[in-house]
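First the structure, in the form of structure tokens, and then the observations on it.
The values are calculated or read from the model by the stated rules, or taken from the named source; none is laboratory data. These numbers come from a predicted model, not from an experiment. Ideal geometry is used to build each Cβ from the backbone, glycine not excepted, and the neighbour counts take in all protein chains shown.
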Amino acid sequence: MLKQFLPNEHFKSILEIVPEQLKARGIKGIITDLDNTLVEWDRPSATPQLVQWFDEIKKHNILVTIVSNNNEERVKAFASPLDIPYIFQARKPLARAFKQALTQMELKKEETVVIGDQLLTDVLGGNRSGFHTILVVPVAQTDGLATKFNRFVERRILNWFRKKGMVQWED
Ligand SMILES: [Mg+2]
């Protein structure tokens, strides 16, 4: 049951995810979280390194949709300058926004990865909808109020995985 929270892969940062490797596995699309996945939850826009990463992704013809539980104001202000499609108030882990993103990209779930920093929303939602899931270490140590309780639960789940030897990384 707890395996629903186990990501398929783990990276220190989204910037370490290499487009060539995604391509080689037949991946054509990315559904990514915003807050503490792409940038700190309280940083309004993308860093130069992230802009460069998105350029690389686009060069490899990999589509991206930002799927965030945050509000329209936050998500639109971040995504619009980058010209990246987005879904706000996604209510992850529910399946609806993931499905909507797939439909918009005209891709199959087998061709798409879900990237995020939270087990309870990004990984659980992605796994339940049948995606390959990638967990990244949160960009900031702090969180918005809505995330604080999730982090408490998440730490317990991660500790359980560690005890069982199911995760190898440290954070
Ligand atoms: Mg997040």
(message) Show the residue pairs meeting these rules: Cβ distance below 6 Å; 6+ apart or different chains; first residue within the range 15-41 and in contact (Cβ under 8 Å) with a residue 24 or more places away in the chain; second residue surrounded by fewer than 22 Cβ atoms within 10 Å (Cβ to Cβ) and of a type in the set (F, W, Y).
(response) L15/W53; I17/F11; D35/W41
(request) Could you tell me which numbered condition A90 fails, if it satisfies all but one of (1) closer than 28 Å to W169 by Cα; (2) without any contact (Cβ under 8 Å) to a residue 40 or more places away in the chain? (result) (1)
(request) Could you please give the count of residues in the range 120-171 that are among the basic types (K, R) and within 16 Å of the ligand (Cβ to nearest atom)? (result) 3
(request) Run K148 past the list (1) closer than 22 Å to D42 by Cα; (2) at pLDDT 95 or above; (3) of a type in the set (K, R); (4) surrounded by fewer than 19 Cβ atoms within 10 Å (Cβ to Cβ) and report the number of the one that doesn't hold. (result) (2)
(message) Can you tell me which condition W41 does not meet? The list is (1) at pLDDT below 95; (2) more than 17 Å from the chain's Cα centre (by Cα), and all the others hold.
(response) (2)
(message) Just checking, does the range 104-113 include any residue being at pLDDT 95 or above and closer than 25 Å to R155 by Cα?
(response) yes
